[in-house]
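For reference, the structure discussed in these notes is given below.
Every read-out reported here was derived from the displayed coordinates using simple, explicitly stated rules and does not represent laboratory data. As the structure is a computational prediction, the values presented were derived from the model and not from experiment. Cβ atoms come from the backbone with ideal geometry, glycine included; neighbour counts cover every protein chain shown.
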Amino acid sequence: MSDDHIDELIEAVLRQLKAEGLVASSSNLRSQADNSQTAGSHTHTNISADLVIDSDDPTTSMQRIIPGLENAADQDALVMLMETTTARIGVGRAGYRPKTKTLQLFQSDFAISQDALYREVDPVLLQKFDLFQVETMITEGKEQYLLRPDLGRKLSSEAMALIKSRCVKRANIQICVGDGLSATAIEVNIPKIMPVLISGCQSVGLSLGTPFFIHHCRVGVMNDIGDILEPDVVILLIGERPGLGRAESMSAYMAFQPRSGDTDADREVICNIFDNGGTNPLEAGAYAVQLAQTMMKNRGSGVKMRLSKDSER
Ligand code: B12
């Protein structure tokens, strides 16, 4: 159907609605918007000369805590509860259905998650932390990355050669950064966690390998890194699968002397690393150094470390 045809249909429906008094005229809508008590920006979309659709941006922090529930027993308490969680509580409903605002917020948050997944990590950040980039066996972009996790767990042959030529071997700690499922998570957390990890390792006398960035990265790639560089511990900082509207969560997956064939049972994860509500990246960095020391002491990670009698965790 052509755009002109769609516009004609919209005009016809609007004429009918107006004739039946079901839509306010544009001037009424404008004054409603101007008088609105709610915070947040207003979007005015001109569909036709005399109709304005006015809708608040549902993603602002103020909009998120406006209850959709009418007649709550304690409205103030409900607002406070909504402030404490990203869970969609107090949203109310329209008959059996979600309210328009709930649906709009859902769609906007979904877009935030998709952006985090499909965007690339800012190269300026990689430069800032001296992270050279290598590729996994993904050659056809994000779609292939999503469909073929197995290829994201293997380094390309060029990557292996580059890592061999540029990195220090057999360090105590090898830090790697991978985009994983959220570029946002890497951009937000790397500037905070990297300095803590580096200074933390130095302060307890652990030697550091040459850090690098793995594009289209999955957790299992740690095995290839272990095979090539043979460090005691690999720390892989990787973007987690984004939640709805929550894209900044990063994990530190760690393993003692990872090798081909190792599984998640041989690994540890410090998850949900982000400010304001998650594991604070500064604390996560300090904890990762401590965990690396425990792994080295027990000469194992994951289930092996837990089974070890000396385990301090
Ligand atoms: C997706 C997911 C899974 C999927 C992984 C499948 C896949 N191919 O993606 C499934 C459903 C299999 C799974 C299983 C488990 N998971 Co899980 N999982 C997640 C989730 C939602 C996202 C992980 C992610 O984004 N990874 C990053 C991407 C890029 O990695 P990937 O290479 O694509 O996928 C690997 C990792 O996801 C890894 N993985 C997933 N879960 C876990 C848990 C542990 C302990 C380890 C070492 C690795 C690991 O397995 C994948 C294959 O290697 C997180 C939530 C979060 N906030 O991180 C929980 C999370 C990581 N999982 C968790 C747990 C506890 C488990 C289980 C132990 C649950 C159980 N009791 O069986 C199992 C064991 C995992 C294993 N592989 O052996 C916890 C870890 C808590 C902790 N700090 O120890 C988390 C944080 C959820 C939570 N809040 O409780 N998980």
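Before moving on, here are some points about what is shown:
- Degrees separating the helix 281-298 axis from the principal Cα axis of the chain, which is the longest one: 30
- Think of the chain as having a plus end and a minus end, set by charges on the Cβ of Lys, Arg, Asp and Glu; of ILE112, SER203, GLY95, SER203 sits farthest toward the positive end of this dipole.
- Computed over neighbours whose Cβ is under 13 Å from that of ARG259, the net charge equals -4, Lys and Arg +1, Asp and Glu -1.
- Per-residue Cβ neighbour rank within 10 angstrom, fewest leading, GLU268, GLU70, GLU187, GLU283: GLU70, GLU283, GLU187, GLU268
- Residue-count net charge about ARG119 - beta-carbon cut-off 10 Å; Lys, Arg +1, Asp, Glu -1: -4
- Cross-link reach is defined here as a Cα-Cα straight distance under 14 Å, omitting same-chain residues fewer than 8 places apart; for LYS154 the aspartates and glutamates meeting it are GLU135, ASP224, ASP227, ASP262.
- Using the Cβ of PRO191 as centre and a radius below 15 Å, the other residues enclosed give a net charge of -3, where K and R count +1 and D and E count -1.
- Principal-axis analysis of the Cα atoms of the chain puts helix 183-203 at an angle of about 30° to the longest axis.
- Helix content alone sets the calculated 222 nm mean residue ellipticity of the chain: runs of n ≥ 4 DSSP H residues at -39500 (n - 2.57) each, divided across all residues, give -13500 deg cm²/dmol.
- Of all beta bridges that DSSP places with both ends in the chain, some 60 percent have antiparallel geometry.
- Using the Cβ-Cβ distance between LEU17 and THR100 with R0 set to 22 Å, the FRET efficiency works out to roughly 0.85.
- Modelled spin labels at PHE132 and GLU283, positioned 7 Å past Cα toward Cβ, are 3.7 nm from each other.
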